[in-house]
Amino acid sequence: MNDKPIVLIVDDVPANVQVLASCLKDKYHIKVATDGSRCLELIADKPVPDLILLDIEMPGMDGYEVCRQLKQNAETKNIPVIFVTANDQEEDEEKGL
């Protein structure tokens, strides 16, 4: 059994996923979703991740909506989420909080 913590990377840009995964793969078990819907599907399967690295701008369901849904669910509301984005506007930072 793998005792490494699970990190779920959610990003629609393969290069971003590759960079994050290569940085984390030695100490964490990596799962990947390329859109918000797939993220929620993966989380519904057990075990839930220990951390989610979540892109904001994705086609379909954006990262804000994914996070909203996670925080409304009793089983997933305590999973830490880190937004991963190139956006540097203060309003984007506030929206993420």
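The table that follows gives values for the structure above.
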{"quantity": "Selected residue [under 17 Å from Arg68 (Cβ atoms), within 11 Å of the chain's Cα centre (by Cα) and of a type in the set (A, V, I, L, M, F, W, C)] from Val17, Val10", "calculated": "Val10"}
{"quantity": "Subset of the range 26-73 (residues that are over 18 Å from Ala15 (Cα atoms), among the acidic types (Asp, Glu) and either modelled with pLDDT of 95 or more or surrounded by fewer than 16 Cβ atoms within 10 Å (Cβ to Cβ) (or both))", "calculated": "Asp26, Glu41, Asp45, Asp50, Glu65"}
{"quantity": "Filtered residues of the range 45-65 (kept if within 18 Å of Val7 (Cβ to Cβ) and in contact with an Asp or Glu (Cβ under 9 Å, 6 or more places away or on another chain))", "calculated": "Val48, Leu53, Leu54, Asp55, Ile56, Met58, Gly63"}
{"quantity": "Yes/no for Ala44 being without any contact (Cβ under 8 Å) to a residue 24 or more places away in the chain and more than 25 Å from Ala74 (Cα to Cα)", "calculated": "no"}
{"quantity": "Residues satisfying the stated conditions in the range 4-45, i.e. of a type in the set (Asp, Glu) and part of a helix (DSSP H, G or I)", "calculated": "Glu41"}
{"quantity": "Residue match in the range 4-26 (condition: touching a His at 6+ places or on another chain (Cβ under 6 Å) and more than 14 Å from Thr85 (Cβ to Cβ))", "calculated": "yes"}
{"quantity": "Boolean, Val48 is of a type in the set (Val, Ile, Thr) and part of a loop (DSSP other than H, G, I, E, B)", "calculated": "yes"}
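The values are calculated or read from the model by the stated rules, or taken from the named source; none is laboratory data. All of these numbers come straight from a predicted model, not from anything done at the bench. Positions of Cβ are generated from backbone atoms using ideal geometry, with glycine treated the same way; all protein chains shown enter the neighbour counts.
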